[in-house]
Amino acid sequence: MSVKIAASDRQLLRTQMRLRGAACCRQRAINRVKNGTGNQHPGDRRKNQYSRHDMAHERCEQCGNPTPPWDAIHCGSGEGSYELLCTSCFNARIAESTGFTDFENVRLDPIRMIDCEGEAHQFHFQLRLLGDRIALDAFELRGELRTGYRFQLIDEADDDVFVLLGRLVERMRRALSVRHIDFRERRIIDSTVRGRIEWDESQAGYLPLAVVDGKEVSWDDLGQMLMSMEGWQFRLDIADPSEEL
Ligand SMILES: [Zn+2]
């Protein structure tokens, strides 16, 4: 059996890691926590960060507007401190520091798409300027937190955003046209599973939570599904979030 989680491209991964490092984005702050470089237990930090969806929005430290968690970027301001910025202010700051003053800070409206099982998905977008590149993210929300399907496309900063959007939507359609897991029968449908690795906050320790077909699958459940193929082989590939699997 081949459990093909991803096709890997180390070169692209390294390039994107450099870009993200330059942008000091929110993900970097999370990674620092995951890598244990902070003073706090990873779980404590993440719970603090993600329990905020019940609370009043934090304010962007630049424009002062209330900013939902999915639109907030924790921008590094040196010596381990982070400033919370809304996406617009983050992009304006990067544009100013990199000279990309032509960058158009486009706000894309959410779109609704139907998957191959007839289930509706509402996708929101975030466009970030990362030096000489732009990242376009599409994601679902539960409350105000990102959940379910997530897609990302990274390209040159002077590319037309709407052309990028078209490419991303095509990729989303392709992903939504395939099911890997039969959730009713709790089994892997074919021999390939594509998904995303997250952290399972509900479990003790530091266990992965797989997100497959836009749904959360616990490490235990995934293991049980694999056991119907005991004795078979598998291959595990890891890929950057912006790669298409
Ligand atoms: Zn702002």
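Would you calculate the separation in nanometres between label points at E61 and E198, each defined as 7 Å from the Cα along the Cα-to-beta-carbon direction?
In this crude spin-label approximation the distance works out to 2.7 nm.
So if R0 is 22 Å, what FRET efficiency would S97 and D237 give, r being the distance between their Cβ atoms, rounded to the nearest 0.05?
Result of the calculation: an efficiency of 0.05.
For the peptides 151-157, 117-123, what is the packing order when you average, over each peptide's residues, the other Cβ atoms within 10 Å and list the highest mean first?
Order by mean packing, descending: 151-157, 117-123.
Report the full-extension gain for the segment S191 to I114: residue separation times 0.36 nm, less the Cα-Cα distance, to one decimal in nm.
Fully extending the segment from S191 to I114 adds 25.3 nm.
What nm value, rounded to one decimal, do you get for the distance between L145 and R173 when each label is placed 7 Å out toward the C-beta?
Using points 7 Å along Cα→Cβ, the separation is 3.3 nm.
Rule-based calculations on the coordinates, nothing more; no lab input. Owing to the predicted nature of the structure, the values given are computational and were not obtained by experimental measurement. Every residue, glycine as well, gets a Cβ built from its backbone with ideal geometry; the counts of neighbours run over all protein chains shown.
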